[in-house]
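Heads up, the thing below is written out as structure tokens.
All of the numbers you see were taken from the coordinates with simple rules; none came from a lab. Worth saying up front: this structure is predicted, and the values here are computed from it rather than measured. Cβ atoms come from the backbone with ideal geometry, glycine included; neighbour counts cover every protein chain shown.
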Amino acid sequence: MNNTKYIFVTGGVTSSLGKGIVSASLAKLLKARDLRVTIQKLDPYINIDPGTLNPYEHGECFVTNDGAETDLDLGHYERFLDISTSQANNITTGRIYQSVINKERQGVYLGKTVQVIPHITNEIKDSIKLLGENNEYDVVITEIGGTIGDIESLPFVEAVRQLKWELKQNCLTIHLTLVPYLAAAGELKTKPTQHSVKKLQELGVQPDILVCRTEHNLEKDIRDKIARFCNVSEDSVIQSIDAKSIYAVPLLMQEEGLDKVVIEKLNIQTKEFPDLKKWNEFLEKQNNPKDEIHIGLVGKYVELQDSYKSIVESLDIAGVSNSCKVKLKWISSEKVTSKNVEKKLTGIDGLLVAPGFGERGIEGKIEAIRFARENDLPFLGICLGMQCAVIEYARNVLDLKKAHTVEVDAETSHPVIDLMEDQKNISDMGGTMRLGEYDCELKDGSNAQKSYGKRSIKERHRHRYEFNNKYLEFFEENGMIATGKNPNNDLVEIVEIPTHKWFTGVQFHPEYKSSVETPHPLFIGFVNACKN
Ligand code: GLN
């Protein structure tokens, strides 16, 4: 019999309360009790996936092993849980409608009128239950994006209402709200929480547990009041107070007894306490760094740091492995020129050039890389960052002054970054992207091979253009070496300059494979080079 338990997490009052972090923290606590857990995010927007969204809209697009372009919360899930997610872990309204409309065209609904209820809600329910099939997980946590009261999330809430009815004791709902502190009154206010719960009740869903985001401790009288007005038991009013690090949230949730209440309510038999030994060691090290280093992050979305979420977290985690605190200097690529590059890059111990698409800021990235190369400053280039390193080397070392990527200059006389032949005739942009996990073989003795400590790796990709192998010999004769290659098609995945202190450009995205308990070797290697 399938015994999977389902937990739904909704949010009220306002967005940005940290629903993703609370969901990931609960999942972490359950996993630390040896339960098999996964988390899923339902996004109410109509895009099929966030792949085509500008990072200003929704921050980073996170890529899974199976090549799904997903919400950045999946990055948190993977970093907290040390698991791999997949397309099934991120569903959007667009995807739900696309599937229903395809079925309608195929005649699956046998001439019936296709409606939000039951067709859309059934599709949503199927996407939720899919993860619980095959008895792969003991617990499936489903985070509903958006805020209760939004028109666009109504079908998701309705699906939750129906599932609560169907699944009975095998599911529960957690509602995340805000308890604001009014300085003028000197008081914490419960009314927004009451209203938000009322709204949820109007939609037919009674939350079982309330997680209340707050800047101040919730005393017993406030908790009692919330419990009384919202029909939840007192031990189910959980405070979520601002934390110094997102990685401290699982411990705060444990202190509040969130995992205990969940286990009791769902009647799960498991060990008495979560095993958080490794997690605590990480926090202990994070709180007591022995060193501090400064890394310059050059990108075009530096005003919105969520655009580089996984890179920032990966550096932070790699810092902890190196017993040091990584401080970031955000540098807008558009503002870097040959005249100001030295000033822009002062005070940093290493340079990271970020991924990206399109022309904007690309010359600034190239200037920054030139500076790092000429001044023996440790460098890590990711995806477009790697491609810029190749262009810079071609222009300034190989003297191919017009070298470029065809993404920016389709007519360049030296397309050192190009489309592969078989991509050239595809007109649908999505169809030409290399997405998801691919093999890579490393050259012995390279920065990469020394960091990974092995020769065969798998990394995730998200790009359209590639190093142009027609130029490879010329590059290698003159000091830039391909130290990582795809064994199946010979595509260059990593370039390095062995005479440089630590200069590594990677075509893939190591930031998608870094987690708290398994920090990424390449980030560890880079931070270590910056530290020395
Ligand atoms: N724009 C480049 C490409 O499509 C790099 C993409 C990226 O940095 N993710 O190849």
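Quick one: THR504, THR177, THR52, fewest Cβ neighbours within 10 Å first, how do they rank?
Going from sparsest to densest Cβ surroundings: THR52, THR504, THR177.
Could you work out the Rg to Rh ratio of segment 227-368, with Rh taken as the Kirkwood radius (inverse of the mean 1/r over all Cα pairs)?
Numbers: Rg = 21.4 Å, Rh = 18.5 Å.
Expressed as Rg/Rh, it is 1.16.
Would you please put 397-410, 341-354 in order of how densely packed they are, using the mean number of other Cβ atoms within 10 angstrom per residue and starting with the highest?
Highest to lowest by the protection proxy: 341-354, 397-410.
Once you have a ≥ b ≥ c as the square roots of the Cα gyration tensor eigenvalues for segment 472-530, tell me rounded if a/c is under 1.5, and otherwise prolate or oblate according to whether a/b is larger than b/c.
Taking the square roots of the gyration eigenvalues as a ≥ b ≥ c, segment 472-530 is oblate.
Give me the Å³ per residue figure for the convex hull around the C-alpha atoms of segment 13-118.
Cα-based convex hull of segment 13-118, divided per residue, equals 145 Å³.
Which ³J(HN,Hα) values in Hz, rounded to whole numbers, follow from the phi angles of segment 447-461 under the Karplus curve 6.51 cos²θ - 1.76 cosθ + 1.60, where θ = phi - 60° and Gly and Pro get x?
After applying 6.51 cos²θ - 1.76 cosθ + 1.60, I find 3, 5, 4, 5, 5, 6, x, 7, 9, 10, 10, 10, 9, 8, 10 Hz.
Can you give the angle from 0 to 90° between the axis of helix 277-287 and the longest principal axis of the chain, with both taken from C-alpha atoms, to the nearest 10?
Helix 277-287 sits roughly 60 degrees off the main axis of the chain.
Any chance you could give the angle, 0 to 90 degrees and rounded to 10, that helix 191-202 forms with the longest Cα principal axis of the chain?
80
Quick one: what Rg and Dmax do you get for segment 1-64 from the alpha carbons, in Å?
Gyration radius and largest Cα-Cα distance of segment 1-64: 14.5, 45 Å.
Based on alpha-carbon atoms only, what is the radius of gyration of segment 365-495 relative to the globular estimate 2.2 N^0.38 Å?
1.04
Test of understanding: ordering ASP306, ASP444, ASP138 by Cβ neighbours within 10 Å, fewest first, what list do you get?
The most exposed by this proxy come first: ASP444, ASP306, ASP138.
Using only the Cα atoms of the chain, what do you get for the radius of gyration and for Dmax, in Å?
24.8, 75
With the cut-off at 1.5 for a/c, could you classify segment 304-351 from its C-alpha gyration tensor as rounded, prolate or oblate? If you can, show how the numbers build up before the last one.
Working: a/c = 3.84, a/b = 1.62, b/c = 2.37.
Since a/c reaches 1.5 but b/c is at least a/b, the shape of segment 304-351 is classed as oblate.
Just to be sure I understand the curve: with the Debye formula and one point per C-alpha of segment 277-330, what is log10 I(q)/I(0) at q = 0.20, 0.30, 0.32 Å⁻¹?
-0.72, -1.14, -1.22
If you line up the long axis of helix 154-167 against the longest principal axis of the chain, both from Cα atoms, how many degrees apart are they, to the nearest 10?
The angle comes out at about 60 degrees.
Per residue, how much space in cubic angstrom lies within the convex hull of the C-alpha atoms of segment 161-295? Walk me through the numbers before you get to the answer.
Numbers: hull volume 22.8 nm³, N = 135.
About 169 Å³ per residue, rounded to a whole number.
Going by how many other beta carbons lie within 10 Å of each one, how would you line up ILE417, ILE241, ILE331, fewest first?
Placing the least packed residue first, the sequence is ILE241, ILE331, ILE417.
How would you rank 213-226, 290-303, highest first, on the average number of other Cβ atoms within 10 Å across their residues?
Output ranking for 213-226, 290-303: 290-303, 213-226.
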